[in-house]
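Since every read-out is calculated from the coordinates, none of them should be taken as a lab result. Because the structure is a prediction, the values reported are computed rather than measured. Methodologically, a virtual Cβ is constructed for each residue, glycine included, from the backbone with ideal geometry; neighbour enumeration extends over all protein chains shown.
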Amino acid sequence: MKCVVYKGSRKPGAYLFIQREGDFSQVPESLLDLMGTLQLAISLDLTADSTLAQARVEEVLQQLEDQGFYLQLPPSDAELPTRHLGH
């Protein structure tokens, strides 16, 4: 499935996946307002064999099919790996 990914000006690390460039008709207005000004980040051709850095491709494909968009949020602090600094 072809899709395009946008990043917003108000939510660093959040990405909005939609099926067609510039077609935000399936995205709730409140979500668009929350994201701020959207900038095209990348165009992708997603398949079941694709790999994404911070999302399960099956979930992205399913949500694109079901609701017309997928919102990828940045990992919370609890999800980030901890680093131990040696002295």
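Potential lengthening of the chain between Leu44 and Glu58 amounts to 3.6 nm, from the contour at 0.36 nm per residue minus the alpha-carbon distance.
Across the stretch 61-75, rounded Karplus estimates of 3J(HN,Hα) from the backbone phi angles (6.51 cos²θ - 1.76 cosθ + 1.60, θ = phi - 60°) give 4, 5, 5, 4, 5, 6, 10, x, 7, 9, 9, 9, 9, x, x Hz, Gly and Pro being marked x. Take the Cα of Lys2, go 7 Å toward its beta carbon, and the backbone nitrogen atoms of the stretch 17-34 under 12 Å from that spot belong to 19-22.
In loop segments of the stretch 1-34 as defined by DSSP, the trypsin sites (Lys or Arg not before Pro) with at most 13 further C-beta atoms inside 10 Å of their C-beta are Arg10, Arg20.
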